[in-house]
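The values are calculated or read from the model by the stated rules, or taken from the named source; none is laboratory data. Note that the coordinates shown come from a computational prediction; the quantities given were computed from them, not determined experimentally. All Cβ positions, glycine included, derive from the backbone under ideal geometry; neighbour counts span all protein chains shown.
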Amino acid sequence: MKIYPKVPRYDHPVVPSDFFDAESLTLIEKVDGSSFRFTLYDERYAVQYPEAVIEAATGDGSLVFGTRKTIRGSHRDALADIDGALHRAVRCLRESVKTTPLRHLHDTFDGPLIIYAENLVYSTLDYGFDTNELPTLVGFDILPYANVNTMVPSGSPYEETHKGFLDHETAWAIFEQLRVDEAPIDMSFVPAPILKQSGGDFDPTTYTFPTSSLADDVQVEGIVIRSPTRDRRVKLVREAFQERNRKQFGQRPADADSGAEYVVATYCTSARIRKQARTLVVEEGREFGLHLNEDLYQRVVEDIWAEHWQELMTLDRSFTPTDVYPLVAKRCIAELRQMQTNAELNDAQPTELWQHLF
């Protein structure tokens, strides 16, 4: 399945200077979750699928799914064989996505379709996962296999356009055909909210971000602006969300203001934190909870020293080791909260989430 193209910021050099002068612009809420895609395996069009999809399919009619870069399996696989962070999404495929109309659409488009969606798990924004009924998958784009172009232009990946993707009217009509209307809200597949359709008068520098359609007291992460005549998607993300995202997942090393921040940004990864949390729970029998952080952050710091001490000793930035601890503690508690929320959403064990980080 084609990896979804990078979506540049509105002020990125690859965005045409006349992009916002287009006669038709569609503004779509950018939902904060995790990348997800799926396709229906149809034996009639077997030659069009990549090998990874064929291997993951469990017979004709399988909904093969994946995260941004990796094919993860089929909706017919046992949940025990699927990463815990995807259990809710797979249940949604089983209960809330119609395969018969999707198969009929293959004939219309001379082959299968790739459906791109957001898996609504807790990432940075808390939409009220413990109090609100929220959809599971939010569809936002569709690409026919017949239009797939696997070549990314040399240089920046942002140079790749969305040429060949369906226009939003067609895509949203397909989403409506595929969704099971009777499905419970918290197990539903829905189209991404369309905020506005505009033409020639949109100024991204003065745009006021609205409240999210998912929660009354949450401002949107940002918006994606689509122009059918430019074959482009362009994003506009509010600054406060970007700052919150940095607090949740850590900043980039290039953005670090101090040596300690640089060390944490470089070495305190989600994978490292989850590995140590799993050791505490699975191997040492500790009960999972936020209280784990009393030991977790110290374990993570020790793991960083043990693996990277030679690099740290020769680092071209000075830092005070004691300054690293509180920064790691903040990263760890944010990761634990995310694990706890998403485990409850997926009815899975926290240590089963993202065992193979993408």
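Numerical summary
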{"quantity": "Qualifying helices (runs of 4 or more DSSP H) (wholly inside the stretch 258-323; at least 1 residues being of a type in the set (Lys, Arg))", "calculated": "270-278, 293-313"}
{"quantity": "Flag if residue 18 is surrounded by fewer than 21 Cβ atoms within 10 Å (Cβ to Cβ) and either in contact with a helix residue (DSSP H, G or I) (Cβ under 6 Å, 6 or more places away or on another chain) or closer than 23 Å to residue 169 by Cα (or both)", "calculated": "yes"}
{"quantity": "Selection status of residue 24, touching a residue at least 24 places away in the same chain (Cβ under 8 Å), closer than 22 Å to residue 149 by Cα and of a type in the set (Ser, Thr, Tyr)", "calculated": "no"}
{"quantity": "Single residue of 237, 220 found to be touching a Gly at 6+ places or on another chain (Cβ under 6 Å), over 30 Å from residue 320 (Cα atoms) and modelled with pLDDT of 90 or more", "calculated": "237"}
{"quantity": "Of all residues making up the stretch 1-20, the number that are among the hydroxyl-bearing types (Ser, Thr, Tyr) and in contact with a Lys or Arg (Cβ under 9 Å, 6 or more places away or on another chain)", "calculated": "2"}
{"quantity": "Count - residues of the stretch 178-219 that are under 23 Å from residue 125 (Cα atoms), touching a helix residue (DSSP H, G or I) at 6+ places or on another chain (Cβ under 8 Å) and either of a type in the set (A, V, I, L, M, F, W, C) or not assigned by TED's automatic domain parsing to the domain that holds residue 88 (or both)", "calculated": "6"}
{"quantity": "Residue tally, condition part of a loop (DSSP other than H, G, I, E, B) and in contact with a strand residue (DSSP E or B) (Cβ under 9 Å, 6 or more places away or on another chain), over the stretch 133-149", "calculated": "3"}
{"quantity": "Matching residues, the stretch 265-316, being of a type in the set (A, V, I, L, M, F, W, C) and touching a residue at least 60 places away in the same chain (Cβ under 8 Å)", "calculated": "268, 271, 273, 277, 281, 282, 288"}
{"quantity": "Filtered residues of the stretch 150-201 (kept if basic (Lys, Arg), closer than 19 Å to residue 235 by Cβ and either at pLDDT 95 or above or not in a loop (DSSP other than H, G, I, E, B) (or both))", "calculated": "196"}
{"quantity": "Every pair of residues 6+ apart whose Cβ atoms lie under 7 Å, when the first sits in the stretch 162-185 and is at negative phi and small (Gly, Ala, Ser) while the second is surrounded by 14 or more Cβ atoms within 10 Å (Cβ to Cβ) and assigned to a helix (DSSP H, G or I)", "calculated": "183/95; 183/96"}
{"quantity": "Candidates 78, 52 - the one that is more than 23 Å from residue 148 (Cβ to Cβ) and surrounded by fewer than 20 Cβ atoms within 10 Å (Cβ to Cβ)", "calculated": "78"}
{"quantity": "Out of 26, 39, 58, sole residue that is polar (S, T, N, Q), in contact with a strand residue (DSSP E or B) (Cβ under 9 Å, 6 or more places away or on another chain) and within 21 Å of residue 188 (Cβ to Cβ)", "calculated": "39"}
{"quantity": "Positions within the stretch 342-354 being within 16 Å of the chain's Cα centre (by Cα) and of a type outside the set (A, V, I, L, M), in sequence order", "calculated": "342, 346, 354"}
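Results for (1) crowded, with 17+ Cβ neighbours inside 10 Å; (2) at pLDDT 95 or above; (3) out of contact with any Pro (no Cβ under 7 Å at 6 or more places or on another chain); (4) within 22 Å of residue 187 (Cβ to Cβ), shown as yes or no for each residue.
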| site | (1), (2), (3), (4) |
| --- | --- |
| 94 | no, yes, yes, yes |
| 97 | yes, yes, yes, yes |
| 104 | no, yes, yes, no |
| 127 | yes, no, yes, yes |
| 132 | no, no, yes, yes |
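Residues are listed down the side, and each one gets a yes or a no for (1) over 15 Å from residue 141 (Cα atoms); (2) modelled with pLDDT of 95 or more:
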site: 2; (1), (2): no, no
site: 7; (1), (2): no, no
site: 20; (1), (2): yes, no
site: 37; (1), (2): no, yes
site: 42; (1), (2): yes, yes
site: 45; (1), (2): yes, yes
